[in-house]
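Report on one structure; see the data block that follows.
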Amino acid sequence: MDSATAFGKVVEIIKPFVKNTAAFGEAGHGTRIIEDLGVNSARLVDIILAFEDEFGIQVDDESADRVRTLGDAVQMILQKTAPAN
Amino acid sequence: MLSTRERVGLRVQEAVAQGLILLSYYALAAWMRSRGYRIPRLRHTRRAFGALMGPERGPWLICANHLTLIDSLVIQWAMAPGWRLFLRRDRFAWNLPDRHNISRTWWLRLLGYVGKCVPVLREGPPEEARRTLDKVAFLLSRGQAVVVFPEGGRSRIGRVDPDRVMYGVGRMLQDVPAARVLCVYARGAGQAGYTDYPRPGEQFFIRAARVEPATELAGMRGARDLARQIVAKLTAMEAEYFEDPLVDR
């Protein structure tokens, strides 16, 4: 999977939780999920679990804690879906 | 994992708080009475708590709805008289107030310390949340009681708000599976939305119920499942409150 595809899916997953729709329209890799998009921090777990379901990955607590921006989410997903050498 | 210093700090706080419980409890009870706060049928309410909790020791996770800054005080007042908390230190519950609220003045910080408060940083970084969970796990593993508001803060809609539910309460149960859960629904008769303090002269409706949340899921899914079960119970208790024609609202 390429970065653009992952980004598109991440945006779709996060969309229902976004409160700041104006910022969402201009969202990029550096957009912060909580601070910029207004996503309730309590819902981050739901978002991470949705990533697991969508991409068939397992996200441990440490990896989940590192997801602050949309780019962090994409990076994590690409790492976890990359074929093992 | 908590550092030795943090563990010792919590033990010292517990000892100090326990040593001053009669003073702090009755001073706060006097303050609440001075504002006209009242729990109708207080003795009956305390008996009900006693029957639900039984004679056994903790740990207890007391999960409540949240509408004012003094909800945990009201719950503790309803649970037992000060002298009983003096004898049963495991029933004198810890609280997890927002650091911003408890740090406003020196006397609030002092009251928080002797009131067994562990200040937490809401919306803080994940490391902060993890440290709070570690502290709660430590306290529960020592057989203590901890009051938790699964909504994370005072409900902005005046009702139990499932959209705000934090799954930390589920993590706490995963960390200490031996913890027993008591759901408490507390509400002032005139409490329409969230406020700092209940209105003067407020009368509180308080009901408690034991629940045994269980899940076969692990990790974050398990925590979410457990938290949702607890909040579902609080929501049901709230529905009972609003449907009960005998409740004075």
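The values are calculated or read from the model by the stated rules, or taken from the named source; none is laboratory data. Everything numeric here is computed off the predicted structure, so don't read it as measured data. Cβ placement follows ideal geometry from the backbone for every residue including glycine, while neighbour counts extend to all protein chains displayed. In case anyone asks, the SASA skips ligands and DNA or RNA and just uses the protein heavy atoms, side chains included. Shrake-Rupley method; radii C 1.70, N 1.55, O 1.52, S 1.80 Å.
Quick notes on this structure:
- Sequence-distant residues sharing a close amide H with B:Arg88 (under 5 Å, placed H): none
- Taken over the C-alpha atoms, the protein assembly as shown has Rg and Dmax values of 21.3, 71 angstrom.
- Within the straight-line cut-off of under 12 Å between alpha carbons, the aspartates and glutamates reachable from B:Lys116 are B:Glu14, B:Asp90, sequence neighbours fewer than 8 places apart in one chain being disregarded.
- Legend: residues in the stretch B:142-176 shielded by at least 50 square angstrom of accessible surface upon adding the remaining protein chains to the isolated chain (1.4 Å probe, heavy atoms) are B:Tyr167.
- Amide N of the stretch B:29-50 lying under 17 Å from the label point, which is placed 7 angstrom from the Cα of B:Leu246 along Cα→Cβ: B:40-49
- Accessible carbon and sulfur surface of chain B relative to its total accessible area, %, 1.4 Å: 57
- Contact surface A-B: accessible area buried, both sides summed, square angstrom, 1.4 angstrom probe: 1300
- Taking amide H atoms as placed 1.01 Å from N in the peptide plane, the amide H of B:Cys117 lies under 5 Å from those of B:Asn95, each 5 or more residues away in sequence or on another chain.
- Rounded percent of accessible protein surface that carbon and sulfur make up, chain A, 1.4 Å probe: 49
- Extension gain (nm, one decimal) between B:Tyr26 and B:Thr4, 0.36 nm per residue minus Cα-Cα: 4.7 nm
- Taking Cβ atoms as reference points and 15 Å as the exclusive limit, the residues near B:Glu123 contribute a net charge of +4, counting Lys and Arg as +1 and Asp and Glu as -1.
- With the convex hull constructed from alpha-carbon coordinates only, chain B shows a mean projected area of 12.7 nm² over all directions.
- The residues of the protein assembly as shown have, on average, 49 Å² of accessible surface per residue, using a 1.4 Å probe with all protein chains present.
- In this structure, the amide hydrogen of B:Gly152, modeled 1.01 Å from its nitrogen in the peptide plane, lies closer than 5 angstrom to those of B:Met166, counting only residues at least 5 positions away or on a different chain.
- When shorter helices are ignored and each DSSP H run of at least 4 residues is given -39500 (n - 2.57), the per-residue value for chain B at 222 nm works out to -15000 deg cm²/dmol.
- In sequence order, calculated HN-Hα J values of the stretch B:23-33 (Karplus, 6.51, -1.76, 1.60; Hz; x Gly/Pro): 5, 5, 4, 6, 5, 5, 5, 5, 4, 5, 5
- Length-normalised contact order of the stretch B:93-157 in % [C-alpha pairs under 8 Å, at least 6 apart]: 39
- For B:Ala64, the shell of other residues with beta-carbons less than 12 Å away shows a net charge of +1, using +1 for Lys and Arg and -1 for Asp and Glu.
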